[in-house]
Amino acid sequence: MQSLYVHIPFCASICGYCDFCAMPAPERLHSEYVDLVLRELELRAKEGFANFETAYLGGGSPSVLSAENLRKLLAGLQKQGLRKNALKEFSMEWNPEQVSEEKIDIALEFGINRFSLGIQSLNDNLLKMLGRKHTAKNALEAFEKLNSAFGTGNCDLMFCLPNQSTENFLSDVRTLASLGAKHISFYGLTLEKGKKLPPQPEDLYPEMYLKAVQILSEAKLDRYEVSNFALAGHESKHNMVYWKRGSYLGAGPSAHSYLRGIRSYVEGKYVPWKKWVMGGCPQSGLTEDIPSIEGKEMEAVWLSLRTREGLSLKDYEREFGKEFELKKAKPFIEKKWLELNKDHIRLNGEGWLWLDKIFLYSLP
Ligand code: SF4
């Protein structure tokens, strides 16, 4: 087992666009939760904590935990065998308004060595419209503190927001690149039905995406995945495990695990998960997605094409016992949306915008 993901399902309030497993909750529940998630891990991490190469505290908002609860969680993980010296990467997500010197010191003490900061935008009106609790000033101050404490980490931005101009988004990208961000990820907002936000600008996605890629490439932040950009050596090792279909254990409500090629999770949110943990985390309480061969093939192609390396045709043949049907990809190679380079097929040029289309019409 390569990686550990620990979900913290609490947020101070719920943002208008949120589609994650997140809930506001009183602090007394936080303490109960830390006990429960540690209990889950004690029962499930049978192959041992010493085997984890990367770990990630995500949410929700891990930084909403008080200093006391954060310490309890990290000390509990350490007690169960998570050794900071053995981890190649240990990341924690932060919301700008929840960053404090005290929590940073605790995180450093227990081996967290990378941050991921949810900035989303550096425009106060847009932040307010999204329901975020921080301002651009908070975000920049938080970035300074985290960057100087951990030395490496990610800044999350969003684009295609209601009332956002292209220039507005590009100015956020420029600002973070000029401040020395070593890793930036940006995602176009996808509004699920029922979310009460103004309509999004139409057709700005390609322009915003391509211009932002250009700015980052000039700043030497290379695209190593559709939405992720990093200086050489600052790519997220943990996220690469997901894209390379490595194995990971996910703990907490809604967290997925991928072990021995099978994805599993506890159906439902906090309450069913809590009952499952209190009942001793029986294997029978997990919902398992056992993929068909075709499903595995699609997943392999989809995830590989998201990355800079692309799909290795040799690896594909080794895993699936047949050659990859290049003729299906040919129209996109001719269009220069895909490139074939020796053993690899990968996205190219505007193809980075249209992975869905390429995948749907031609692969695998
Ligand atoms: S901080 Fe993130 S997880 Fe929490 S409500 Fe906002 S979008 Fe959802």
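The values are calculated or read from the model by the stated rules, or taken from the named source; none is laboratory data. Model, not experiment: these values are computed from the prediction. Here the Cβ is made from the backbone with ideal geometry for all residues, glycine too, and neighbour counts use every protein chain on show.
Just one of SER91, SER100 is under 28 Å from TYR17 (Cβ atoms) and within 19 Å of the chain's Cα centre (by Cα); which is it?
One residue alone meets the criteria, SER91.
Residues that are under 16 Å from the mean Cα position of the chain (by Cα), at least 2 per element: which strands (runs of 3 or more DSSP E) completely within the stretch 221-265 meet that?
Those strands (runs of 3 or more DSSP E) span 222-225, 228-230, 248-251, 257-259.
Report yes if THR175 is out of contact with any strand residue (DSSP E or B) (no Cβ under 7 Å at 6 or more places or on another chain) and at pLDDT below 95, otherwise no.
no
Can you say whether GLY280 is within 21 Å of the chain's Cα centre (by Cα), on the phi > 0 side of the Ramachandran plot and either surrounded by fewer than 17 Cβ atoms within 10 Å (Cβ to Cβ) or assigned to a strand (DSSP E or B) (or both), as far as the supplied structure shows?
no
Can you name the residue in the stretch 144-180 that is in contact (Cβ under 8 Å) with a residue 40 or more places away in the chain, in a helix (DSSP H, G or I) and closer than 26 Å to GLY111 by Cα and, of all such residues, is nearest to the ligand (Cβ to nearest atom)?
Here the residue is LEU146.
In the stretch 300-340, which residues are small (Gly, Ala, Ser) and over 25 Å from the mean Cα position of the chain (by Cα)?
GLY321, ALA329 - these are the residues of the stretch 300-340 that are small (Gly, Ala, Ser) and over 25 Å from the mean Cα position of the chain (by Cα).
Kindly indicate which of GLN164, GLN120 is on the phi > 0 side of the Ramachandran plot and crowded, with 21+ Cβ neighbours inside 10 Å.
GLN120
Where residues in the stretch 1-47 are part of a loop (DSSP other than H, G, I, E, B) and aromatic (Phe, Trp, Tyr), which of them is farthest from the ligand (Cβ to nearest atom)?
TYR17
Can you confirm whether LEU74 is touching a helix residue (DSSP H, G or I) at 6+ places or on another chain (Cβ under 8 Å), more than 16 Å from the ligand (Cβ to nearest atom) and modelled with pLDDT of 95 or more?
yes
Which one is nearest to the ligand (Cβ to nearest atom), of the residues in the stretch 48-67 that are surrounded by fewer than 19 Cβ atoms within 10 Å (Cβ to Cβ) and under 17 Å from LEU82 (Cβ atoms)?
For the stretch 48-67, the residue satisfying everything is GLU53.
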